1. Report whether or not residue 195 is at pLDDT 70 or above, loosely packed, with under 15 Cβ neighbours inside 10 Å and hydrophobic (A, V, I, L, M, F, W, C).
2. Taking segment 266-307, which residues are touching a Ser or Thr at 6+ places or on another chain (Cβ under 8 Å) and hydroxyl-bearing (Ser, Thr, Tyr)?
3. Taking only segment 39-70 into account, find how many residues are assigned to a helix (DSSP H, G or I) and free of Cβ contacts under 8 Å to residues at least 24 places away in the same chain.
4. I need every pair where a residue in segment 71-88 that is surrounded by 18 or more Cβ atoms within 10 Å (Cβ to Cβ) has its Cβ under 8 Å from the Cβ of a residue that is acidic (Asp, Glu), sequence separation at least 6 or different chains.
5. Would you confirm whether any residue within segment 105-121 is open to solvent by 30 Å² or more (accessible area, probe 1.4 Å) and in a helix (DSSP H, G or I)?
6. If you check 15, 42, 11, 67, which single one turns out to be at pLDDT 75 or above and either in contact with a Gly (Cβ under 6 Å, 6 or more places away or on another chain) or closer than 23 Å to residue 93 by Cβ (or both)?
7. Of the residues in segment 372-389, how many are in contact with a strand residue (DSSP E or B) (Cβ under 7 Å, 6 or more places away or on another chain) and either among the charged types (D, E, K, R) or exposed (fewer than 14 other Cβ atoms within 10 Å of the Cβ) (or both)?
8. Restricting the search to segment 263-317, which residues are assigned to a loop (DSSP other than H, G, I, E, B), of a type in the set (A, V, I, L, M) and either open to solvent by 30 Å² or more (accessible area, probe 1.4 Å) or closer than 16 Å to residue 384 by Cα (or both)?
Amino acid sequence: MSQGPRSGLAAVSSALLAMSRHLEVRDVLKTIVASARELLDAKYAALGVPDDHGGFAQFVVDGVTDAQWKAIGPLPRQHGILAAMLHEATPVRLADVRKDPRFEGWPTAHPELSDFLGLPIRDGDEVLGALFLANKRRPQKGPPHSDGHDRGRGFTQEDEELLAILAQHAAIALTNARLYERSRELTIAEERSRLAHELHDAVSQKLFSLRLTAQAAAALVDRDPLRAKGELQQVAALAAEAVDELRAAVVELRPAALDEDGLVATLRTQIQVLDRAHTARVTFASTGFRALPAAQEEALLRVAQEALHNALRHSGGAHVAVTVDRRGCGAVLRVTDDGGGFDPGSVHRAGRHLGLVSMRDRASGVGGTLTVESAPGKGTTIELEVPGG
């Protein structure tokens, strides 16, 4: 605000627009913290969403490297000044947090904090979280405030008022994100129910056919062994198809776990399962990947699953390789098999059979680009490149 009302208003506007671009809770939390730190020119910022057990369900920081955060250790508990903000739902502005009687210290690897500004994020009477900043960086000129705070050190009353505006809009963004995620959970539940019905119908039909064929083979064993052998071969084929249906359904029904584990860990786990379940070798590698917005990561995961399903079910290849690498601010996914391939010129006919239409829809939905390289006898490579958001 010290740079004038016009620049301050522009900064607030930029922060609010940034928050409005995201719908997933984790993305909203990260944007709130980054926007608050940049807006008030603080070295550190954090936001904690409390749980019902004296801890935090989520805790997001900005200004701390991944290595520093890992060295700090477990998430903090609701104690000291953080607890005061959550339980009393009042702002806290301190010239030196270490001199406050509520200060209880921090882990050895924790950065040294001095001046401190914290506000609760509230939705009516409910406290959604605690947002705080530390170590103001930009010196301010002018006489001391009436409250005794030096303009050249620490956070000011104007800073507190500005952060209060941001916190009010953060509450709206966080509430909307929660509603979106609940809506998405309901949609996922409906989709899982639909898939379960489809699975029941498809596998039941396969098993019914398998039972009839097995009965026919048993009746033919003594009087027509050659025909019985043919029926038994059909039993084996039907059993293999039923197993394929089950495997495909398991991949679709398994929770993505993106929020908890991230894209790389989720893909690695699923590919390890597929490698054990199939005769083809399935491998995974990743280089330089950085976390992306939830929509981009979900698109990468779903396209990888579809391409893996195609390669394992239709290509006849001995090896399927999956890679996810950083490209600029975004990422690129490749799924390559050494199977029979197909003629890209017949992609209109093959598109529906191989799920290419749905993969392209997912790619375009996040501003990505899907490319398909294949030729008869030369294998297939599916590549999806997505921007960083």
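The values are calculated or read from the model by the stated rules, or taken from the named source; none is laboratory data. Note that the coordinates shown come from a computational prediction; the quantities given were computed from them, not determined experimentally. Note that each Cβ is placed from the backbone with ideal geometry, even for glycine, and that neighbours are counted across all protein chains shown. In case anyone asks, the SASA skips ligands and DNA or RNA and just uses the protein heavy atoms, side chains included. Shrake-Rupley method; radii C 1.70, N 1.55, O 1.52, S 1.80 Å.
1. Considered against the rule, which asks whether it is at pLDDT 70 or above, loosely packed, with under 15 Cβ neighbours inside 10 Å and hydrophobic (A, V, I, L, M, F, W, C), residue 195 comes out as no.
2. Result: 286, 287.
3. The number of residues fulfilling the criteria is 4.
4. Pairs that qualify, where the first residue is surrounded by 18 or more Cβ atoms within 10 Å (Cβ to Cβ) and the partner is acidic (Asp, Glu), are 81/100.
5. No: zero hits.
6. After applying the criteria, what remains is 42.
7. 3
8. If the condition is that a residue be assigned to a loop (DSSP other than H, G, I, E, B), of a type in the set (A, V, I, L, M) and either open to solvent by 30 Å² or more (accessible area, probe 1.4 Å) or closer than 16 Å to residue 384 by Cα (or both), then 291, 292 are the ones that fit.
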